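Please treat every number below as a calculation from the coordinates, not as lab data. Here the structure is a predicted model, which is why all the values come from computation and not from measurement. All Cβ positions, even for glycine, are placed from backbone atoms using ideal geometry, and neighbour counts span all protein chains on display.
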Amino acid sequence: MKVPLLSSDFLDRAETVYADRVGVIDEPTSEDSLGELTYGEVARRVRALQAGLDELGVGAGERVAVVSPNSARLLELFYAVPSSGRVLVPINFRLRTEEVEYIVEHSGASVLLVDPETNQDIPTVTAKHRFLLGKESDDALLRVDREPEPWGDASEDATATINYTSGTTARPKGVQITHRNIWVNAMTFGLHAGVSDWDVYLHTLPMFHANGWGMLYTTAGLGVPQVVLRKVDGTEILTRVGKHGVTLMCAAPAVVNAVLDAAPGWEGPVPGRDRIARVICAGAPPPSKTIERIEEELGWEFCEIYGLTETSPFLTINRRQREDGDKPIAEIARAMSRAGAPGIGVQLCISEAGEVLARSNVVLEGYWQQPDATADALEGGWFHTGDGGSIDEQGYLTISDRKKDIIITGGENVSSIEVEDCLYAAAGVAECAVIGVPDEKWGETIKAIVVRAPGAECTEADLIAHCKQRMAGYKAPTSIDFVETIPRTATGKVQKFKLREPYWSGRARQVN
Ligand code: AMP
């Protein structure tokens, strides 16, 4: 028998087995907070939302876009929209008006839901139907008086979400993730991370980012209570870990750094130490010193994973093994800073050019309406990650550089080409190149190298302000070097490795 692998399976099981268990604890400080909801209540609200979309005339395959920081209502959309055959487009809430507009238009979303606070930044972005998330969307969309229409031709190959990601082009690309991708990712990631119904999960990761790495499906399927965190703050994370008995969280290294910074000021034992909370990191390889500090100062277990939005995202995991026993922590931490070993069903290899290639059921269906980019990414039957790396004799992958032109700052991808495009529009810029340089807090930060036009007098502050007005703040350069010329190859290509060299010298890797 073959039964389609659908994203609805996870909340369905939560409702069957854990209906009376608290499933979601909403951010208490947000407007219209939903407080605590049992999984039974979440499932009822999700059905009511689907009935509301039916009434609005939103059919299967139509796109529903949402721009919101973490919230219970955002979480519900991950269950409600794909389960009814529609496609969810979760958008980064830090983006500027034109950036969100592009994604809404490109995805062809007919419904747009916006968090009230985010709305202040993007008041003009619109779609056929637009609602503020909260009381307004509840009143407009929750239809408790009718059952939702069943999704007639439910298929595991249908697109469930489109996640826009900054890649090698100036415009973000829409990564089509299918129900099957979600299912396999949720299962393999959950298995390797050892998730069980004893866990309590804290959403330290923005849910829009690769569907919260798919953990929001895994946790629902196992009845794990999910604590919503709206804003990253080290002390607040410690408080919630203590208050709700959190055992598991996923985070970019910058988030872990915020917790490490807050811990010395915490009175009494660090919450989570008693039950060995697990923190799963990705986005960049954290320095082994950070790993040591997590294990020693917090008493939490550190795990690293590697993946991309395009791979749902889980590909590899590095977790302490039984054999590591009593090894000194420094030795364990060094071994843990590798990206990890492939998860079940993932094949990895390194191309002749040194690029990491992957084959697995978590690899994207394609880039939305970009057949050429899709063909390039999947050339030869392997997914081309754009990352440079090596696989050691234990089968563990280490990421050493990025072939693609992206910078990862605080866990978010920034296309250097997009920043360069923006700078070229500024008065006085004749030539520019944008690179990532190491940064204590953010892992990497953005530096622009600029050649001024003859007679131009633009300053570092002018150019940074120019970018901040046009792009999400985290994409703007934090420093600018003015130079006479930019090194290029014979064919005119900027030699970024030469520009990066002085900032990364003495380091084994060119990523942080
Ligand atoms: P995103 O699609 O935004 O999730 O970004 C994916 C990119 O993050 C990958 O292509 C890598 O460049 C980087 N990345 C993710 N996990 C790791 C890791 N464990 N070590 C090094 N780089 C990572």
Inset, instruction - Relative to the compact-globule scaling 2.2 N^0.38 Å, provide the ratio for the alpha-carbon radius of gyration of the stretch 244-379. - result: 1.23
Legend entry - Within the chain, helix-based [θ] at 222 nm, where runs of 4 or more DSSP H residues each add -39,500 (n - 2.57), nearest 500: -9000 deg cm²/dmol
Inset, instruction - Putting +1 on Lys and Arg Cβ atoms and -1 on Asp and Glu Cβ atoms, find which of 303, 229, 381 reaches farthest to the positive end of the dipole of the chain. - result: 381
Legend entry - nm² value of the averaged projected area, convex hull over the Cα atoms of the stretch 377-512: 10.5
Legend entry - Hydrodynamic radius by Kirkwood, which averages 1/r over all alpha carbon pairs of the chain, in angstrom: 23.6
Legend entry - Compactness of the stretch 347-402, expressed as Rg and Dmax over alpha-carbon positions, Å: 12.0, 40
Inset, instruction - Return the inverse of the average 1/r over all pairs of distinct C-alpha atoms in the stretch 154-200, which is the Kirkwood hydrodynamic radius, in Å to one decimal. - result: 12.6
Legend entry - Computed Kirkwood radius, in angstrom, where 1/r is averaged over Cα pairs of the stretch 303-427: 16.2
Legend entry - Distance (nanometres) between label positions extended 7 Å along Cα→Cβ at residue 155 and residue 469: 4.8
Inset, instruction - Note down the nm distance, to one decimal, between modelled labels 7 Å out along Cα→Cβ at residue 505 and at residue 235. - result: 4.2
Legend entry - Cβ-placed point charges (K, R +1; D, E -1), dipole of the stretch 77-155 about Cα centre in debye, nearest 20: 60
Legend entry - Loop-located chymotrypsin sites (Phe, Trp or Tyr not before Pro) in the stretch 261-313 whose Cβ has at most 16 other Cβ within 10 Å (DSSP): 266
Inset, instruction - Report, to two decimal places, the Cα Rg of the stretch 1-131 normalised by 2.2 N^0.38 Å (N = number of residues). - result: 1.09
Inset, instruction - Find how much the distance from residue 344 to residue 44 grows on full extension, using 0.36 nm per residue of separation minus their present alpha carbon separation; answer in nm with one decimal. - result: 104.6 nm
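Roughly what percent of Cα-Cα pairs across the stretch 432-512 reach past 20 Å?
39
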Legend entry - lysines whose Cα lies under 19 Å from that of residue 128, excluding same-chain neighbours fewer than 8 positions away: none
Inset, instruction - Determine how many Å³ per residue the convex hull of the Cα atoms of the stretch 281-356 encloses. - result: 116
Legend entry - DSSP bridge pairs, the chain: antiparallel proportion in percent, nearest 5: 60
Inset, instruction - Give the Cα extents of the stretch 102-142 along the principal axes, in whole Å, largest first. - result: 28, 21, 11
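For the stretch 126-267, compute Rg over Rh where Rg is the Cα radius of gyration and Rh is the Kirkwood radius from the inverse mean 1/r over Cα pairs.
Rg divided by Rh gives 1.01.
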Legend entry - Coil-residue trypsin sites (Lys or Arg not before Pro) of the stretch 1-55, DSSP, other Cβ within 10 Å capped at 14: 2, 21
Legend entry - Cα-centred dipole magnitude for the chain, charges only on beta-carbon of K, R (+1) and D, E (-1), debye, nearest 20: 600
Inset, instruction - For residue 36, put the label point 7 Å out on the Cα→Cβ axis and report which residues of the stretch 233-260 keep their amide N under 17 Å from it. - result: 240-247
Inset, instruction - Name the lysines eligible as straight-distance cross-link partners of residue 243: C-alpha to C-alpha under 26 Å, and not fewer than 8 places from it in the same chain. - result: 231
Legend entry - Pair-distance profile P(r), taking every C-alpha pair of the stretch 5-53, with 5 angstrom steps and integer %: 5, 22, 22, 24, 18, 7, 1, 0
Inset, instruction - Would you work out which of 371, 459, 433 lies farthest towards the positive end of the dipole of the chain? Charges go on Cβ: Lys and Arg +1, Asp and Glu -1. - result: 433
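Can you sort 187, 215 so the residue with the fewest Cβ neighbours within 10 Å comes first?
Ordered from fewest to most neighbouring Cβ atoms within 10 Å, 187, 215 come out as 187, 215.
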Inset, instruction - Could you work out how far apart the two model spin labels at residue 488 and residue 392 are, taking each label as a point 7 Å from the Cα in the direction of the beta carbon, and quote it in nm? - result: 4.2
